[in-house]
1. Go over the candidates B:268, B:244, B:248, B:259 one by one and state the one that is touching a Leu at 6+ places or on another chain (Cβ under 7 Å) and modelled with pLDDT of 95 or more.
2. Output yes when any residue across segment B:219-235 is open to solvent by 50 Å² or more (accessible area, probe 1.4 Å), within 24 Å of the chain's Cα centre (by Cα) and more than 11 Å from chain A (Cβ to nearest Cβ), and no when none is.
3. Report whether or not residue B:246 is surrounded by fewer than 20 Cβ atoms within 10 Å (Cβ to Cβ), within 14 Å of chain A (Cβ to nearest Cβ), closer than 30 Å to residue A:262 by Cα and more than 18 Å from the chain's Cα centre (by Cα).
4. Within segment B:60-82, track down each residue that is open to solvent by 10 Å² or more (accessible area, probe 1.4 Å) and under 16 Å from residue B:33 (Cα atoms).
5. Go through segment A:271-299 and give me each residue that's of a type in the set (Asp, Glu) and touching a residue at least 12 places away in the same chain (Cβ under 8 Å).
6. Going through B:165, B:199, B:143 one at a time, which residue ends up being open to solvent by 60 Å² or more (accessible area, probe 1.4 Å) and closer than 21 Å to residue B:243 by Cα?
7. Are any residues in segment B:168-185 surrounded by fewer than 19 Cβ atoms within 10 Å (Cβ to Cβ) and either of a type in the set (A, V, I, L, M) or within 16 Å of residue B:233 (Cβ to Cβ) (or both), and if so, which ones?
8. So which residues in segment A:169-186 are farther than 27 Å from residue A:231 by Cα and either in contact with a Pro (Cβ under 7 Å, 6 or more places away or on another chain) or at pLDDT below 95 (or both)?
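The values are calculated or read from the model by the stated rules, or taken from the named source; none is laboratory data. For clarity, every value in this text was computed on a predicted model and none was experimentally measured. Glycine gets a Cβ as well: all are built from the backbone with ideal geometry, and neighbour counts include every protein chain shown. When the accessible area is computed, the model is the full protein with side chains, heavy atoms only, and any ligands, DNA or RNA have been set aside. Shrake-Rupley method; radii C 1.70, N 1.55, O 1.52, S 1.80 Å.
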There are 2 protein chains.
Amino acid sequence: MARIIESVPNISEGRRSEVVAEAVAALRQTPGLRVLDVQSDADHNRSVLTLTGDEKALEAGLLALFEVAVARIDLRQQRGEHPRVGAVDVVPFIPIEGASMPDCVALARKVGAAVADRFGVPIFLYEEAASAPHRHNLEDVRRGQFEGLGTKMQDAAWAPDFGPRGPHESAGATVMGARMPLIAYNINLGTSDLEVAKRIAKAIRHSSGGYRHVKAMGVMLEARNIAQVSINMTDYKKTPLHRVFETVRSEALRYGVNVVGSEIVGLVPEAALQDAAEHFLRLEGFSKDQVLERKVRGD
Amino acid sequence: MARIIESVPNISEGRRSEVVAEAVAALRQTPGLRVLDVQSDADHNRSVLTLTGDEKALEAGLLALFEVAVARIDLRQQRGEHPRVGAVDVVPFIPIEGASMPDCVALARKVGAAVADRFGVPIFLYEEAASAPHRHNLEDVRRGQFEGLGTKMQDAAWAPDFGPRGPHESAGATVMGARMPLIAYNINLGTSDLEVAKRIAKAIRHSSGGYRHVKAMGVMLEARNIAQVSINMTDYKKTPLHRVFETVRSEALRYGVNVVGSEIVGLVPEAALQDAAEHFLRLEGFSKDQVLERKVRGD
């Protein structure tokens with residue numbers, strides 16, 4: 001079985017295209033590493049790079065990326081709308097095929113230690129790799145941004161997991177960790193009443209009492225004049241698509257509103273759709289090994 | 001994108017394991033061909049070989065298989081429970097990835113012509129590759145078996161698509177064609193009344209007025225004391241799983257019976273499950289390109 005881990009490093013440069021090109025070139029020169037996507041945003045002054053490979057390829061590629069970013073990005077000058085603590089701001093590792101979450105946690109620790117050692121950039125481990133519960137959420141780790149990092153790191157609760165006890169003078173710190181793939185999932189309602197979507201969002205999201213791995217808000221789709229529950233699914237294995245869909249459907253009916261459709265924005269893991277099919281078809285004893293293409297590919 | 005076609009040749013030998021081993025060895029020596037599965041049945045005196053590869057690998061492998069089968073299997077002596085017309089009895093080609101049904105029809109014609117030319121074995125094209133409607137179903141082409149073939153082929157309606165106007169003296173003829181992957185799909189009912197399962201099977205199967213690509217019958221699951229609608233889905237793209245499931249559910253309710261579960265026996269194409277998820281989640285504008293693993297694999 002091919003062993004594939006995804007990594008989505010975010011770098012704090014989205015304006016100087018020559019710097020982004022240099023970073024991408026360094027990644028592309030790494031044997032075994034694939035660069036699937038590069039998205040730069042000038043307002044955010046940030047680029048999101050999507051990479052896949054095995055542990056060896058990812059470690060080599062990310063060290064090459066740090067080489068460029070540490071040399072070329074200076075957070076003392078960098079400004080943008082997106083919060084950031086580092087030149088390489090955040091590096092998640094995501095299990096895709098033949099690799100587990102513990103494999104990704106181990107990789108975050110290995111690459112984090114290597115980066116701290118070679119570049120003197122302090123590393124904070126987050127999400128599944130976090131060394132304490134208060135360091136789990138990215139937003140909490142990043143609060144105060146680069147400018148507040150020197151003060152924040154004097155607090156023992158914010159000592160880095162690897163590297164020096166203070167920020168790198170120009171490259172700040174990097175938040176590195178492991179997480180499940182995200183699914184951006186929206187459910188469209190047969191109503192123009194935004195309030196209904198907002199109430200349903202509140203019912204399903206973790207922060208207000210809903211499902212553990214759901215973030216949600218109500219929004220208007222102006223072009224279609226309908227309200228939408230806009231959802232981020234942060235762990236589709238523990239909180240599956242079909243359960244959220246059924247809950248939204250049932251909550252909407254309480255207002256006499258139907259679900260008119262749903263949409264997946266961007267990518268979705270194959271297993272998330274298979275789990276939904278399994279649920280609705282009431283499949284008994286189904287194994288993913290029964291998927292023809294898996295057998296044909298020899299996964 | 002990898003170009004993958006599946007072929008499932010059935011040979012009329014399931015007792016002499018050395019002959020089967022020789023056939024499999026010939027296949028395994030073909031570059032680019034994978035032998036996924038070999039199932040021999042002594043009562044049927046038949047072996048089912050599951051192969052994948054691109055056109056070139058399949059053509060080379062099948063010619064090597066005919067070489068062994070024509071030399072080693074003599075239908076004048078061969079006896080078994082399973083009906084057969086040839087040493088290599090039937091060879092379907094099935095599109096899996098990056099190949100279409102017309103590609104598989106073209107391959108059946110190409111390999112069929114090559115086999116007729118090299119071995120003097122007449123070829124009948126069937127299913128999607130059939131040259132006339134009455135030659136579409138395997139059962140119709142095979143009716144009369146090897147023993148009746150000489151007489152049958154004197155009828156102009158049963159002239160072969162390739163090769164001589166009479167059977168090969170020991171190897172008979174081969175039925176070659178293209179079809180969709182089959183899905184063996186069973187739906188379990190919350191009743192011990194077999195009659196309900198039989199009525200539902202009748203309602204959904206093509207032969208008695210139901211869906212075009214459904215074969216079905218009612219059976220008892222003795223161990224669980226429940227009735228089951230046992231289904232063969234012959235084209236999941238045109239008659240999808242979810243539609244059959246919903247129809248069975250609705251027909252069962254007419255007798256006050258619930259669907260307690262369903263099961264897929266053997267393999268199922270990834271797209272069949274994705275189509276079901278799409279249906280039940282009411283997905284709008286979903287594309288298979290959004291499946292993360294496809295993107296990662298670079299399909």
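1. On inspection, the qualifying residue turns out to be B:259.
2. For segment B:219-235, residues open to solvent by 50 Å² or more (accessible area, probe 1.4 Å), within 24 Å of the chain's Cα centre (by Cα) and more than 11 Å from chain A (Cβ to nearest Cβ): present.
3. Yes: the conditions hold for residue B:246.
4. B:60, B:63, B:64
5. Across segment A:271-299, the qualifying residues are A:275, A:299.
6. Result: B:199 is the single residue among B:165, B:199, B:143 that is open to solvent by 60 Å² or more (accessible area, probe 1.4 Å) and closer than 21 Å to residue B:243 by Cα.
7. Scanning segment B:168-185 gives a single hit, B:184.
8. Across segment A:169-186, the qualifying residue is only A:173.
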